[in-house]
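The values are calculated or read from the model by the stated rules, or taken from the named source; none is laboratory data. Here the structure is a predicted model, which means the values were calculated and not measured. Positions of Cβ are generated from backbone atoms using ideal geometry, with glycine treated the same way; all protein chains shown enter the neighbour counts. Surface accessibility is based on the protein's heavy atoms, side chains included, excluding ligands, DNA and RNA. Shrake-Rupley method; radii C 1.70, N 1.55, O 1.52, S 1.80 Å.
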Amino acid sequence: MRKIALHWQIIIGMFAGLLIGALFLMFPWGKDFVVDWIKPFGTIFINSLKLIAIPLIIASLVKGVSDLNDIRQLSKMGSRTIGMYILTTIFAISIGLLLVNIIKPGSFIEETTRLEMMQSFAGEADTRIASANETKERGPLDALVDIIPDNIVAAASSNGNMLQIIFFVVFFGIGIILIEPSKSKPVKDFFDGLNEVILKMIDIIMLFAPFGVFALLATLMVEAPSSDVFIALGAYALTVVFGLAFLLFVFYPSVVKVFTGIDFKTFLNGISPAQLLAFSTSSSAATLPVTMERVEEHLGVEKDVVSFVCPVGATINMDGTSLYQGIAAVFIAQVFGNDLTLSDQLVIVLTATLASIGTAAVPGAGILMLVIVLESIGVNPAGIALIFAVDRPLDMVRTAVNVTSDATVALLVGKSLGKIKDPNVKNWDDHYKPQD
């Protein structure tokens, strides 16, 4: 297997997982067997990636910020990063709205199917609506307050607190910049060494990626809803997939080619293992360590840019999720017979963009954001029950888009700052010398 490129190993694992999952569905005991004996290996793989996400952000971002040596460089990088993320998010939502208004997938849903799905997923919909209402009732500046933690140890105990961790680490890095170089050097050397150790841990974990992906896809296959529901939602799902595929294989590679000169094949080969891992885990936070490694080592973006742009992107940049929200919101409105005006759809663009900032980069976060978007345009949020059946597979695809967008912006920021170099690929055992 070591002679096969990593992305092909992962693809083999994905198809093998789907095949084994389908095979076990033929037996009455098959689902229980997969859940009890195969699913845990997928969970272990995801947990191992999540395990090093926070240490990686702390080590790499401290090193990246402190290496700037000038606060003005940090300000320039930050403004460009956030500006580009907002622009790509707005573009993604606009593409989604254009497609859903042309295809009109809501017209394909029969009344009986709508009522059946609303009834089947009513309990889960109520739970998500309650969570969204808690978010809506917060004050206008609560999101800003949440960025600043009162206890960094407590903040670092959860992968959902990435903005708090990024704030502290950037603040810490600024402190390093402002003290004498002779005193900052030991601190910088420590974090540089820590970063190298964590990157090597990622290399080791990725040796098991094909097996982890196999377990995740086999589990997804046996836990999927009935085929009748998938058929009823086919038009909606295809609309979302078409929009996501356009971003994934046309928009991002074209932008990278135009602004950095990197061709389609090099870009997609460089980022494909992260895309496939994002597809399998549905979590850009869990995929973050791999995304950072691929962008730095395989696409040549310098460490200080990668260390800042990618962690920020995993938190505030969700192009795939935003495109899906635009399509889902209009789809649900079409099913309910609500005619959305141009101003309503502009509200979707604004609300989805703002809702994406700070939302946890974990599976299912898009549904919570969608409730907020639906209520902003006066559509019954219980309509989210209509899309639960296909949300999981679509979540996989849109997470791959989110990760690709992070890599694209990292390349653009790196190019604008003159911080792209020739790739320097490292293997997991580069420095290992067995004893005689």
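Among the candidates 312, 349, 330, the residue that is open to solvent by 10 Å² or more (accessible area, probe 1.4 Å), of a type in the set (A, V, I, L, M) and farther than 30 Å from residue 64 by Cα is uniquely 349.
All of 299, 340 fail the test of being modelled with pLDDT of 85 or more and either open to solvent by 10 Å² or more (accessible area, probe 1.4 Å) or farther than 19 Å from residue 166 by Cβ (or both), apart from 299.
For residue 160, state whether it is surrounded by 14 or more Cβ atoms within 10 Å (Cβ to Cβ) and either of a type outside the set (A, V, I, L, M, F, W, C) or modelled with pLDDT under 75 (or both). Spelling it out, residue 160 is indeed surrounded by 14 or more Cβ atoms within 10 Å (Cβ to Cβ) and either of a type outside the set (A, V, I, L, M, F, W, C) or modelled with pLDDT under 75 (or both). Taking the criterion of being closer than 30 Å to residue 77 by Cβ and either open to solvent by less than 50 Å² (accessible area, probe 1.4 Å) or among the basic types (Lys, Arg) (or both), the residues of the stretch 193-226 that qualify are 193, 195, 198, 199, 200, 202, 203, 205, 206.
What number of residues within the stretch 274-308 satisfy the criterion of being part of a helix (DSSP H, G or I) and touching a strand residue (DSSP E or B) at 6+ places or on another chain (Cβ under 8 Å)?
Summing the residues that are part of a helix (DSSP H, G or I) and touching a strand residue (DSSP E or B) at 6+ places or on another chain (Cβ under 8 Å) in the stretch 274-308 gives 1.
Being farther than 14 Å from residue 404 by Cα and open to solvent by less than 10 Å² (accessible area, probe 1.4 Å) is a property that holds for residue 281. Just a yes or no: is a residue in the stretch 39-49 assigned to a helix (DSSP H, G or I), under 22 Å from residue 169 (Cα atoms) and not aromatic (Phe, Trp, Tyr)? Looking through the stretch 39-49, at least one residue is assigned to a helix (DSSP H, G or I), under 22 Å from residue 169 (Cα atoms) and not aromatic (Phe, Trp, Tyr).
Filtering the stretch 23-38 to residues that are open to solvent by 40 Å² or more (accessible area, probe 1.4 Å) and either in a helix (DSSP H, G or I) or closer than 17 Å to residue 278 by Cβ (or both) leaves 23, 31, 32, 33, 35, 36, 37.
If the condition is being within 19 Å of the chain's Cα centre (by Cα) and open to solvent by 10 Å² or more (accessible area, probe 1.4 Å), then the stretch 259-278 contributes 268, 269, 272, 275, 276. Remark: pairs (first residue in the stretch 327-340, of a type in the set (S, T, N, Q); second residue surrounded by fewer than 24 Cβ atoms within 10 Å (Cβ to Cβ) and part of a helix (DSSP H, G or I); Cβ separation under 7 Å; 6+ apart in sequence or on different chains) = 334/106; 334/107. Set side by side, the residues 368, 412 differ, and just one is in a helix (DSSP H, G or I), open to solvent by 10 Å² or more (accessible area, probe 1.4 Å) and either in contact with a His (Cβ under 9 Å, 6 or more places away or on another chain) or at pLDDT 90 or above (or both), which is 412. The conditions of being β-branched (Val, Ile, Thr), at pLDDT 60 or above, part of a helix (DSSP H, G or I) and open to solvent by 80 Å² or more (accessible area, probe 1.4 Å) are not met by residue 89.
Would you say residue 45 is crowded, with 20+ Cβ neighbours inside 10 Å and among the aromatic types (Phe, Trp, Tyr)?
Working: crowded, with 20+ Cβ neighbours inside 10 Å: yes; among the aromatic types (Phe, Trp, Tyr): yes.
Judged against the criteria, residue 45 is a match.
Yes or no, residue by residue, for (1) modelled with pLDDT of 65 or more; (2) loosely packed, with under 15 Cβ neighbours inside 10 Å; (3) small (Gly, Ala, Ser); (4) within 21 Å of the chain's Cα centre (by Cα):
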site	(1), (2), (3), (4)
76	yes, no, no, no
82	yes, no, no, yes
93	yes, no, no, yes
110	no, yes, no, no
115	no, yes, no, no
140	no, yes, no, no
167	yes, no, no, yes
173	yes, no, yes, no
178	yes, yes, no, no
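Screening the stretch 232-254 for residues that are open to solvent by less than 30 Å² (accessible area, probe 1.4 Å) and either among the basic types (Lys, Arg) or modelled with pLDDT of 90 or more (or both) and picking the one that is nearest to residue 398 (Cα to Cα) gives 244.
Inside the stretch 315-327, residues that are hydrophobic (A, V, I, L, M, F, W, C), crowded, with 24+ Cβ neighbours inside 10 Å and in a helix (DSSP H, G or I) make up a count of 2.
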